[in-house]
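Here the structure is laid out as structure tokens; the discussion comes afterwards.
The values are calculated or read from the model by the stated rules, or taken from the named source; none is laboratory data. Everything numeric here is computed off the predicted structure, so don't read it as measured data. No Cβ is skipped: glycine too gets one built from the backbone with ideal geometry, and neighbour counts run over all protein chains shown.
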Amino acid sequence: MKNNNRRGFMGKAFGAVAAVGAVGSLYAMKKSWDPLPSVKAAGFTTLDMSIYEEGVMVTEKWRGKPIFVLKQSAEMLKKAKENPRDIERLVEVDGSHYMMCIGLCTHLGCIPAFRQDKNDFKCACHGGEFDASGMVQLVPPPRGFDIPPFKIDGTKLVLGEVGPEWQAMKDNGITL
Amino acid sequence: MAHFTKATSVKDWFNQRLAVEKVEKVMMSEYWIPKNINFLWAMGMVLVITFAMLLVSGIFLLMYYVPTVDGAFDSVNYTIMREVDFGWLWRHVHGVAASVVFLIIYIHMFTGIYYGSYKKGREMIWISGMLLFVAFSAEAFSGYMLPWGQMSYWAGMVITNLFSGGSLHADGLVEWIRGDYVPAQAFLGRFFMLHVLLIPLAIIGLIALHFGALRIPHVNNQDGEEIDFDVESEKYLAGKKAESKVMRFANDFMAKDLMVVGIFLVFFFYLVFYNYGFAMDPVNFDPADGLKTPAHIYPEWYFLWSYEILRPFNIDLGLVLFAFAQVIFVLLPFLDRSPNSVPANRRGLFGIWFWVMIVNLIVLTAMGKLPPEGIFSTIGLVSAILFVVQWLALPFITKFEKKV
């Protein structure tokens with residue numbers, strides 16, 4: 001019996017050592033799957049907003065994702081002003097309004113196409129539609145295009161950095 | 001210490017050290033199989049052979065495949081397909097086998113459901129089998145990423161997005177799985193590792209469990225009859241072979257088993273040599289482009305039925321029902337409340353349940369491939385609802401089943 005008590009103690013002691021080791025290894029394994037620092041460091045893109053033309057849809061790239069930039073024409077802006085959900089989505093830089101958002105359908109991540117004649121976006125995967133300010137017009141997408149974190153720096157936009165304008169959008173539930 | 005004597009033969013030498021005769025008896029000549037079975041009982045061996053072909057062809061592909069975003073596409077479509085002698089053979093065997101293995105898995109699975117081979121002590125066979133199905137699905141998906149074509153990239157994008165959980169917006173989890181904001185080098189590297197090492201290891205372990213789970217309850221038979229294997233095997237060994245209800249695994253059962261395997265292999269290599277196109281999506285012959293979505297994204301045929309359950313609903317409900325469809329088959333032994341383990345056709349309502357399930361899965365598969373428009377969306381929606389209702393009704397249908 002005495003021996004068994006000692007075996008029991010040794011068993012528990014081993015269990016304790018093994019548990020510490022298991023937690024430590026799981027932590028290391030989780031961290032090894034994390035995005036690398038180089039991947040995260042490459043997560044900033046600067047856009048010079050002065051080069052865009054009104055009504056012309058341009059696709060930029062940020063963190064491997066397409067970024068739609070559409071400088072609003074007077075006609076688009078007029079339409080957007082009629083709807084508060086639309087106008088508040090636009091980014092104002094140096095007096096001009098831009099739709100600037102992640103060009104992935106909020107349903108399952110396909111890239112919707114810009115239709116020049118209708119000034120809107122149509123997703124070929126499951127038929128979702130978005131207007132010229134990026135607001136959803138037709139389901140299945142649950143919400144308008146997401147707006148990436150940005151900071152206004154003169155006539156430039158730094159994507160990936162959180163500025164007060166973006167924070168306000170996030171707080172107001174305009175983007176995620 | 002064990003006592004060893006001078007060996008009288010090579011066989012005796014091994015016998016003293018490894019007990020080869022005993023192993024042969026336990027694994028083959030005295031592993032008993034019921035006589036009352038049909039060709040559907042050969043699907044297990046067909047699956048073993050198909051898995052072996054996947055393994056061998058995979059080993060040859062692995063020698064030339066380059067798991068980098070810049071090198072992967074060319075290593076498959078140029079190096080393996082054009083430069084390596086018979087490289088095309090390994091690729092087509094691998095691609096066709098990956099598709100056909102699911103056909104056989106489905107036949108194997110529905111044979112089990114039809115004959116009630118998931119109850120009366122056979123629950124662990126069923127559960128380990130369904131875990132194998134999950135592991136094979138993960139293996140198929142991770143392998144689909146490797147050529148790094150448009151379908152690889154966008155399937156990777158859409159499927160990893162499912163882990164954001166719809167309105168839960170667990171984007172951090174999705175980025176963690178990918179190791180990047182979008183599928184990129186970290187993603188390709190880890191899915192390569194999963195495909196060639198971790199998941200195959202899990203599959204081999206699960207196959208061992210699946211076979212082990214068979215030992216005690218033994219293989220089922222065409223009538224779900226409870227056989228006393230000790231009594232029947234004694235009869236056989238006493239020379240009353242005709243009277244006994246069982247036969248040896250080898251060579252009795254294996255002889256016919258391998259006959260079926262032979263017929264399967266003729267069909268299989270007909271596909272590999274003359275009709276491999278169905279396993280090679282043309283869209284995947286365009287290199288991955290993160291800034292251009294293909295017009296239609298659809299999974300391989302064997303995932304279409306569960307994809308169609310995801311599609312007609314809004315994202316949250318779709319995800320819940322999709323998850324339901326993925327796990328519900330595992331619970332079959334516990335949802336079937338009837339004590340009967342006879343073929344479905346002798347079980348009244350359950351027989352109807354079985355055939356409706358088969359037809360409905362075929363309809364879901366067809367609708368999953370068609371564009372989600374007009375009448376097709378309606379049929380898809382009705383079928384998806386029917387699938388869920390059928391499973392919810394199963395405990396009630398079987399509870400009131402008459403004992404046969």
Subject >> Close pairs (7 angstrom Cβ cut-off, 6 or more residues apart or separate chains): more than 7 Å from A:ILE102 (Cα to Cα) and in a helix (DSSP H, G or I) in region A:65-78, at pLDDT below 85 and of a type in the set (Ser, Thr, Tyr) anywhere >> reply: none
Original post:
Any residue in region B:322-336 that is buried (at least 17 other Cβ atoms within 10 Å of the Cβ) and farther than 25 Å from B:LYS120 by Cα?
Top reply: yes
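Would you pick out the residues in region B:237-255 that are of a type outside the set (A, V, I, L, M) and within 34 Å of the chain's Cα centre (by Cα)?
B:SER244, B:LYS245, B:ARG248, B:PHE249, B:ASN251, B:ASP252, B:PHE253, listed by residue number.
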Original post:
Among the residues of region B:351-371, is there at least one that is at pLDDT below 90, within 14 Å of chain A (Cβ to nearest Cβ) and assigned to a helix (DSSP H, G or I)?
Top reply: yes
Original post:
Among the residues of region A:124-137, how many are farther than 21 Å from A:VAL91 by Cα and either within 20 Å of the chain's Cα centre (by Cα) or not assigned by TED's automatic domain parsing to the domain that holds A:LEU90 (or both)?
Top reply: 2
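Just to verify a result, which residue in region B:190-211, among those that are under 21 Å from the mean Cα position of the chain (by Cα) and without any contact (Cβ under 8 Å) to a residue 40 or more places away in the chain, is farthest from the other protein chains (Cβ to nearest Cβ)?
First, pick out the residues of region B:190-211 that are under 21 Å from the mean Cα position of the chain (by Cα): B:191-211.
The next check asks that each one be without any contact (Cβ under 8 Å) to a residue 40 or more places away in the chain; those that pass are B:193, B:197-198, B:201, B:204-205, B:208, B:211.
Working: B:MET193: 11, B:LEU197: 15, B:LEU198: 12, B:LEU201: 16, B:ILE204: 21, B:GLY205: 19, B:ALA208: 24, B:PHE211: 29 Å.
So, considering only residues that are under 21 Å from the mean Cα position of the chain (by Cα) and without any contact (Cβ under 8 Å) to a residue 40 or more places away in the chain, the one farthest from the other protein chains (Cβ to nearest Cβ) is B:PHE211.
Scan region A:99-112 and give yes if some residue there is within 14 Å of chain B (Cβ to nearest Cβ), closer than 29 Å to B:ILE297 by Cα, of a type outside the set (Phe, Trp, Tyr) and in contact with a helix residue (DSSP H, G or I) (Cβ under 6 Å, 6 or more places away or on another chain), otherwise no.
Restricting attention to region A:99-112, the residues satisfying the condition of being within 14 Å of chain B (Cβ to nearest Cβ) are A:102-112.
Next, only the ones that are closer than 29 Å to B:ILE297 by Cα stay: A:102-112.
Of the ones still in play, those that are also of a type outside the set (Phe, Trp, Tyr) are A:102-112.
Of the ones still in play, those that are also in contact with a helix residue (DSSP H, G or I) (Cβ under 6 Å, 6 or more places away or on another chain) are A:108-109.
The answer is yes, given that some residue of region A:99-112 is within 14 Å of chain B (Cβ to nearest Cβ), closer than 29 Å to B:ILE297 by Cα, of a type outside the set (Phe, Trp, Tyr) and in contact with a helix residue (DSSP H, G or I) (Cβ under 6 Å, 6 or more places away or on another chain).
Which ones in region B:22-47 are part of a helix (DSSP H, G or I) and either touching a residue at least 40 places away in the same chain (Cβ under 8 Å) or buried (at least 17 other Cβ atoms within 10 Å of the Cβ) (or both)? Talk me through it step by step, then tell me what you get.
Initial filter on region B:22-47 (part of a helix (DSSP H, G or I)): B:22-29, B:39-47.
Of everything in region B:22-47, those that are part of a helix (DSSP H, G or I) and either touching a residue at least 40 places away in the same chain (Cβ under 8 Å) or buried (at least 17 other Cβ atoms within 10 Å of the Cβ) (or both) turn out to be B:MET27, B:MET28, B:SER29, B:PHE39, B:LEU40, B:TRP41, B:ALA42, B:MET43, B:GLY44, B:MET45, B:VAL46, B:LEU47.
Kindly evaluate A:PHE121 against the criterion of being of a type in the set (Phe, Trp, Tyr), over 23 Å from B:LEU168 (Cβ atoms) and more than 17 Å from the chain's Cα centre (by Cα). It would help to see each step written out before you state the result.
Numbers: of a type in the set (Phe, Trp, Tyr): yes; over 23 Å from B:LEU168 (Cβ atoms): yes; more than 17 Å from the chain's Cα centre (by Cα): yes.
Yes: the conditions hold for A:PHE121.
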Original post:
If you scan region B:372-391, which residues turn out to be within 13 Å of chain A (Cβ to nearest Cβ) and either free of Cβ contacts under 8 Å to residues at least 40 places away in the same chain or touching a strand residue (DSSP E or B) at 6+ places or on another chain (Cβ under 6 Å) (or both)?
Top reply: B:GLU373, B:GLY374, B:PHE376
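Each row is one residue, and each column tells you yes or no for (1) modelled with pLDDT under 90; (2) of a type in the set (Phe, Trp, Tyr); (3) at negative phi.
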{"position": "A:SER32", "(1), (2), (3)": "no, no, yes"}
{"position": "A:LEU36", "(1), (2), (3)": "no, no, yes"}
{"position": "A:THR45", "(1), (2), (3)": "yes, no, yes"}
{"position": "A:GLY64", "(1), (2), (3)": "yes, no, no"}
{"position": "A:LYS79", "(1), (2), (3)": "yes, no, yes"}
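Could you grab me the full set of residues in region B:168-189 that are more than 7 Å from every other protein chain (Cβ to nearest Cβ) and assigned to a helix (DSSP H, G or I)? Spell out the reasoning first.
Initial filter on region B:168-189 (more than 7 Å from every other protein chain (Cβ to nearest Cβ)): B:168, B:170-174, B:177-178, B:183, B:185, B:187-189.
Selection gives B:LEU168, B:ASP171, B:GLY172, B:LEU173, B:VAL174, B:ILE177, B:ARG178, B:GLN185, B:PHE187, B:LEU188, B:GLY189.
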Original post:
Can we say B:TYR276 is hydroxyl-bearing (Ser, Thr, Tyr) and farther than 30 Å from B:ALA140 by Cβ?
Top reply: no
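Restricting the search to region A:113-149, which residues are outside any loop (DSSP other than H, G, I, E, B), surrounded by fewer than 23 Cβ atoms within 10 Å (Cβ to Cβ) and either away from chain B (no Cβ under 14 Å) or aromatic (Phe, Trp, Tyr) (or both)?
Scanning region A:113-149 gives A:PHE114, A:ARG115, A:ASP120, A:GLU129, A:GLN137.
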Subject >> Total residues in region A:25-49, condition away from every other protein chain (no Cβ under 11 Å) and either surrounded by 12 or more Cβ atoms within 10 Å (Cβ to Cβ) or not polar (S, T, N, Q) (or both) >> reply: 12
